[in-house]
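What follows is a short report on a single structure.
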Amino acid sequence: MNAHTASTQELWIVRHGETEWSRDGRHTSTTDLPLTEHGVQVARDLAPRLAEVDFDLVLASPRQRARTTAELVGRPGAEVDEDLVEWAYGDYEGVTTATIRETVPGWSVWTHPTPGGETAQEVSDRLDRVVARAREHQGRTLVFGHGHALRALTARWLDLPVESGRHFRLDTSTLSVLGWERESPVLLRWNS
């Protein structure tokens with residue numbers, strides 16, 4: 001990749017709006033929850049920030065919370081990409097970290113196994129495909145997804161191990177931008 005191509009390439013990330021489980025700190029992967037009323041309103045508030053921006057590629061997780069967020073910000077035609085689903089929590093689906101830590105002290109999705117769920121390597125493999133798709137385009141790619149998966153995606157964009165995603169807090173209905181400084185992938189804006 002030449003420096004000019006890198007300088008025009010950006011990956012814009014939007015975490016879906018609030019759901020009951022995201023609000024309550026419950027791990028949500030395959031459970032397909034709708035946005036709360038608050039989640040709808042805050043997602044709508046993102047629309048003006050994206051209205052005048054052109055994207056070469058717009059992708060969304062197949063979960064309704066991500067697709068609805070895409071629609072609310074004015075991107076109803078987002079292409080569904082299965083690689084953008086949330087980290088599969090397996091037996092921990094719907095469970096809070098505090099509850100998990102009652103039996104597994106110090107547990108974190110970044111550092112411990114998720115029984116019946118995905119490994120960090122499996123998450124890394126599928127998010128590497130999203131990074132590759134974004135890097136195929138000269139301009140901007142916009143993705144709508146989920147907290148842990150988007151944090152892992154950010155780590156992979158930055159050529160870091162997926163577990164480094166633990167360093168990137170990501171709130172619901174936020175916008176982040178990844179890009180380049182010369183030939184190095186960088187964070188341009190985060191959790192804004």
Residues being surrounded by fewer than 19 Cβ atoms within 10 Å (Cβ to Cβ) and either under 22 Å from Q121 (Cβ atoms) or of a type in the set (A, V, I, L, M, F, W, C) (or both) - total across the stretch 133-179
12
Does R67 qualify as being at negative phi and surrounded by fewer than 18 Cβ atoms within 10 Å (Cβ to Cβ)?
no
For helices (runs of 4 or more DSSP H) lying entirely in the stretch 1-69, having 1 or more residues that are modelled with pLDDT of 95 or more and within 17 Å of N191 (Cβ to Cβ) picks out 20-24, 37-50
Does R101 fit the bill of being over 20 Å from F168 (Cβ atoms) and crowded, with 18+ Cβ neighbours inside 10 Å?
no
Condition (residue is assigned to a loop (DSSP other than H, G, I, E, B) and touching a residue at least 40 places away in the same chain (Cβ under 8 Å)) applied to the stretch 175-191: is it met by at least one residue?
yes
For the stretch 122-143, what are the residues that are part of a helix (DSSP H, G or I) and within 16 Å of V85 (Cβ to Cβ)?
E122, V123, S124, D125, R126, L127, D128, R129, V130, V131, R133
The correct count of residues that are surrounded by fewer than 18 Cβ atoms within 10 Å (Cβ to Cβ) and assigned to a helix (DSSP H, G or I) in the stretch 72-96 is 3
Subset of the stretch 97-121 [in a loop (DSSP other than H, G, I, E, B) and free of Cβ contacts under 8 Å to residues at least 24 places away in the same chain]
E102, T103, V104, P105, G106, W107, H112, P113, T119
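The values are calculated or read from the model by the stated rules, or taken from the named source; none is laboratory data. A quick note: this is a predicted structure, and the numbers were derived from the prediction, not measured. All Cβ positions, even for glycine, are placed from backbone atoms using ideal geometry, and neighbour counts span all protein chains on display.
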